[in-house]
């Protein structure tokens with residue numbers, strides 16, 4: 001038999017967050033102490049899934065909810081998602097579906113919308129899932145820039161300039177991964193106006209919408225525009241500390257006639273894959289209808305670690321960091337002409353501190369960054385940032 005040749009579309013699929021682990025494990029094998037600041041998984045550190053979620057899932061299993069679920073999700077979960085969406089001010093809801101993590105929801109929507117050779121606007125820096133899906137769909141990459149000098153807000157002028165006759169959608173990640181920024185209302189309204197004028201769908205990834213600091217308010221973009229087609233993504237992974245459960249969802253809102261065929265196309269994909277995880281869906285209603293008590297402990301802890309991250313990184317000459325206002329990421333800039341990939345590789349090998357190069361998320365040409373996750377305990381962060389500072393003196 002001859003060698004099996006992989007598909008052309010697989011060549012451009014990269015995922016920097018996981019790809020960097022290969023080098024980290026090689027370094028760990030040498031006996032070096034490792035400090036992992038690369039994966040946004042709260043459960044690897046001192047954050048736990050709320051016990052009422054676990055109880056709800058166990059109860060569902062005991063009630064034998066272990067077969068296939070309805071393709072769009074169990075009704076009580078979908079109704080809870082609807083109630084929360086309406087509380088956020090989202091009107092004109094046309095469909096709600098539960099997915100295998102937010103990632104599948106995003107994949108389904110883009111698969112039902114974008115043809116080969118078309119494009120959708122993706123934030124840069126942004127989550128690498130979107131570029132991977134673009135490659136899978138054989139779509140054209142079409143990144144728009146976030147403005148580092150304006151707290152990493154999306155740049156509406158750049159969005160408008162990047163639209164062409166093959167653009168189908170604008171992706172928004174709010175709060176943003178990897179920068180930790182939270183969009184202000186003014187920026188959201190400008191994005192809405194562009195979508196309205198250009199007849200584009202807005203795909204709004206709001207998976208971190210409860211993880212905000214300094215009294216920040218999160219505004220669901222769909223709540224500002226019932227006349228514009230918007231799919232709002234959420235899930236249990238980040239707000240509710242259960243990424244391994246793989247439970248996400250999409251809320252489709254906007255004019256019924258505009259969305260009817262698109263909704264049916266999405267449901268074709270959902271039916272073809274049968275269903276999302278079943279028993280875990282019974283935890284959705286108790287959490288969305290609950291009081292979010294777990295965040296009373298988690299948010300002060302995250303804000304303290306955010307403050308440490310901001311202060312210690314900005315204290316290193318040649319490194320600057322915009323203060324994150326949401327999620328649990330920071331995206332510091334390094335003043336160097338050397339590639340950020342080289343910085344990260346050497347940092348891991350020499351200090352054991354594992355971060356992700358900024359190029360894995362996209363960045364403006366001529367700038368270099370790296371992403372840190374500030375989920376780890378305070379002493380781990382202190383040691384890691386001290387190591388980065390000491391390493392930078394020699395490397396820069």
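No lab work stands behind these numbers, since they all come straight from the coordinates. Model, not experiment: these values are computed from the prediction. Positions of Cβ are backbone-derived with ideal geometry, glycine not excepted, and every protein chain shown enters the neighbour counts.
Nearest 5 percent is fine: what portion of the DSSP beta bridges confined to the range 199-293 is antiparallel?
Counting DSSP beta bridges with both partners in the range 199-293, the antiparallel share is about 60 percent.
Would you mind checking the tilt of helix 51-62 against the longest principal axis of the Cα atoms of the chain, expressed as 0 to 90 degrees and rounded to 10?
50
Could I have the simple spin-label model distance between residue 274 and residue 8, label points 7 Å from Cα toward Cβ, reported in nm to one decimal?
Modelled inter-label distance: 3.3 nm.
Which value in nm describes the separation of the simple spin-label points at residue 307 and residue 61, placed 7 Å from the Cα toward the beta carbon?
Going by the 7 Å Cα→Cβ label model, 4.0 nm.
When 209, 307 are ordered from fewest to most other Cβ atoms inside 10 Å of their Cβ, what list results?
307, 209
Calculate the FRET efficiency for residue 379 and residue 149 from the Cβ-Cβ distance with a Förster distance of 51 Å, rounded to the nearest 0.05.
Between residue 379 and residue 149 the formula returns 0.95.
When averaged across all projection directions, what area in nm² does the alpha-carbon convex hull of the range 1-157 cover?
Averaged projected area of the range 1-157's Cα convex hull equals 16.8 nm².
Quote the FRET efficiency, to the nearest 0.05, computed for residue 338 versus residue 165 with a Förster distance R0 of 41 Å and r equal to the Cβ-Cβ distance.
Efficiency at R0 = 41 Å is approximately 0.60.
For the chain, what is the Kirkwood hydrodynamic radius in Å, using each pair of distinct C-alpha atoms?
Roughly 21.8 Å, rounded to one decimal.
Report the label-to-label distance for residue 21 and residue 158 in nanometres (one decimal), using points 7 Å from each Cα along the Cα→Cβ vector.
So the two model labels end up 3.0 nm from each other.
If R₀ is 35 angstrom, what is the calculated FRET efficiency for the pair residue 185 and residue 256, using the beta carbon separation as r and rounding to 0.05?
After rounding to 0.05, the efficiency reads 0.85.
Assuming 0.36 nm per residue, please report the length gained on full extension of the stretch residue 48 to residue 136 beyond their Cα-Cα distance.
28.3 nm
With axes computed from alpha carbons, what is the tilt in degrees of helix 185-198 against the longest principal axis of the chain, rounded to the nearest 10 within 0 to 90?
Orientation of helix 185-198: about 60 degrees from the principal axis.
Against the longest principal axis of the chain, how steep is helix 294-314, in degrees 0 to 90 to the nearest 10, with axes from Cα atoms?
In the chain, helix 294-314 runs at an angle near 40 degrees to the longest axis.
Taking every DSSP beta bridge that has both residues in the chain, what percent is antiparallel when rounded to the nearest 5?
Of all bridge pairs located within the chain, approximately 55 percent are antiparallel.
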